[in-house]
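So the structure is just underneath, and the comments pick up after that.
Every number here is computed from the coordinates shown, using simple stated rules; none is lab data. None of the values given here were measured: they were computed from a predicted structure. When we count neighbours, we look across all protein chains shown, and the Cβ atoms used for this are built from the backbone with ideal geometry, even at glycine.
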Amino acid sequence: MAEPPDTEPGPIAQRLDHERLLDWLREQRWFASKSQSLTGLDVVEEAAIDDELALAMVQVHFATGSHELYQLVLDPNSDDLDVLNDGQRAHHLLAAIDDAREVNGRHGRFCFRHVDHGDDVQTHIDRATEPVRPMGAEQSNSSVVFGDRLALKLFRKLEPGINPELEMLRFLTAHEYPNIAPLYGWYEYEGGTLAATLAVAQQFIVGGTDGWELALEEIPAAPETFLERIVTLGSVTARLHSALATDSGDPAFSPQDPSSEFLNLLKATLDDQLERVFGHLPDDPSVAPIAGLEQEVRERITLPSQGPIGGKSIRIHGDYHLGQTLYAQNDWTLLDFEGEPARPLNARRQKRSPLRDVASMLRSFSYATWAVKLQRGQEAPADFEERARTAFLDAYFDGVDPALLPSGGQSQIAGLLKTFELEKALYELQYELDNRPDWVPIPVAGILRIAESG
C-alpha cells in the first residue's frame, strides 16, 4: 500500500518526525527487520478514533527496495510515538469495538466489530474505570489486559488478508469449541488495495499457568501429575482438530483430500533439509551422535511411494507447543492461532495434516524434558519423555475423528508422524546451532531417536 502522490500528508503525518520514528522503530521488539538498512518511511493511512487516540499505518522502506507495513497507536494531538500503554488509552479502542464503530481514514476505513455474548459483560461505564496493563513482554505483537476480563492483541506488522488468529477464533467461537478464550471482537482495515486484520480481543483467562512453565515445575517435582495433564491435552487436541473439520460449507475450513503432489512435495522438502543440515554439520561434539547418520535417517522414513495417502488436510494450529497453552481450572486453554509469524500469511492459512500439530507438541515435550536441567538445574525422570509421548498419542488417537488420519493403518500414520517430527527437529537443529549452542543436544536427540527407530 502506498500513499497516492497527489495527496497531501494528513495532520498526523505532518506532525511526526520521521527520523525520530525510524530510530524508535529499530528499538521495538516487534519490529521484524532490525538487521536491514532503513531508508525512510511513509504514513500511508491515519484516522483519529476520538479526541484522545488515533491509528496510523506506516510503511517502512529498506535499502534492498523492499518495504514493510506497521500499525501505530498515537495521540492525535501530540507527536508521542505510541500510546497503547499510556494510562487508559487502550479503553478507547475497546469502546470502538463495543460500539461496532466505523472510522474513515484518508484512503479507507477502520472497521470495529463486536461478538455478541449476551449480558455477561460489564457496562461501558464500568469498563472505563478498570485497570489496563501490558500482557508480558512484547513479541511480534502488542497485548494489553483490561482488568481480569479481556485481552486485546494488536498486530504490529501487517499483511494483506485476514489474520489466521481472527479467522480461527471466529470459527472456533461460533462452533463453541470450549478450550479457547472466546473471541470478543476485533478491528480491521478496508481500503484501496489493502484489507488487513489489525487486532483481536478475547475473554481473559484468570489464574492460568503457562503450559511451558507448568511443565518445568511439575516434570521434576510431580511427573505423574503432569502426565495426567498431558492425557487431557491429547484429548483437547483431538477435539480441536475434529472441530476444525466440521464445516464442509465454509471454503476456508472445509476438509480436503491431500493433493496428489502431497507426498512428492513432502519427500522433496525433507531431502533438501537432510542435505542442507547433514552437509554442513560443524565439527563439534554436540552433533557427534548424528554425524554420518543421514542415510540411516532416510531409511527410517517410510512413506508410500505413490497413490493417495488418505486422511484429510484441515486448518490446524500451525505453531503448536506447550508455550501456546494455559492450564486453569483443571483444563487446558489453547492460545495464539496466528501460526508462525515468520511465515507469510497465506502460507499460515493453508490446510495441512493434523499430524503436523501432533508432531510439534511431541517435540515440545522433548524440549521441556531437557529444559528442566538446562533452565532449572533439576533432573527429569529418565523415562519421562517416552511416557509423555505415549500418554499424549493414546489420548489423541482415541479422541480424534479417524477420517482425518491416513487410511493405511497405524504403520502409515506412524510413518507420516515420524516424517513431520524429523522436519521439525532438523529445523530446530539449524536454529539452535545459529542461536543457542547449549540447546543443540535437544534436536540432536530427536534426530537420533528417528535414526535408531525400528
Please give, to one decimal in nm, the separation of the simple spin-label points placed at residue 375 and residue 280, each 7 Å out from Cα toward the Cβ. 2.8
In whole angstrom, note down how far apart the Cα centers of region 318-373 and region 260-282 are. 22
Would you mind calculating the gained length between residue 85 and residue 195 on full extension (0.36 nm times residue separation, minus the Cα-Cα distance), in nm to one decimal? 37.0 nm
Taking the simple approach of a point 7 Å from Cα along Cα-to-Cβ for both residue 394 and residue 330, what is their distance in nm? 2.1
If exposed means GluC sites (Glu not before Pro) lying in a DSSP loop and surrounded by at most 12 other beta carbons within 10 Å, then the longest stretch of the chain lacking such sites spans residues 28-175
If every alpha-carbon in region 320-362 counts as one equal scatterer, what log10 I(q)/I(0) does Debye give at q = 0.18 1/Å? -0.62
Given a Förster distance of 22 Å, the FRET efficiency implied by the Cβ-Cβ spacing of residue 298 and residue 410, rounded to the nearest 0.05, works out to 0.55
Expressed in nm², what is the orientationally averaged projection area of the convex hull enclosing the Cα positions of region 14-94? 5.4
Give, in nm to one decimal, the length gained when the segment between residue 228 and residue 20 is fully stretched (0.36 nm per residue of separation minus the Cα-Cα distance). 69.6 nm
Simple SL model, points at 7 angstrom along Cα→Cβ for residue 50 and residue 104; separation in nm is 2.1
Placing unit charges on C-beta atoms (Lys and Arg positive, Asp and Glu negative, everything else neutral), compute the dipole magnitude of region 331-439 about its Cα centre in debye, rounded to 20. 340
Stretched fully, the stretch from residue 350 through residue 27 gains (0.36 nm per residue minus C-alpha distance, one decimal, in nm) 113.0 nm
May I ask which residue of 95, 77, 391 lies farthest towards the positive end of the charge dipole of the chain, with charges of +1 (Lys, Arg) and -1 (Asp, Glu) on Cβ and the Cα centre as origin? 391
Count, lysine Cα pairs under 17 Å in the chain, 8 or more residues apart or across chains: 4
Could you give the semi-axes, largest first, of the ellipsoid that matches the chain, computed as the square roots of 5 times the alpha carbon gyration tensor eigenvalues and rounded to whole Å? 40, 26, 23
Between residue 261 and residue 77, what FRET efficiency follows from the Cβ-Cβ distance if R0 is 56 Å, with the result rounded to 0.05? 0.50
Relative contact order (percent) for the chain, with alpha-carbon contacts under 8 angstrom and 6 or more residues of separation? 13
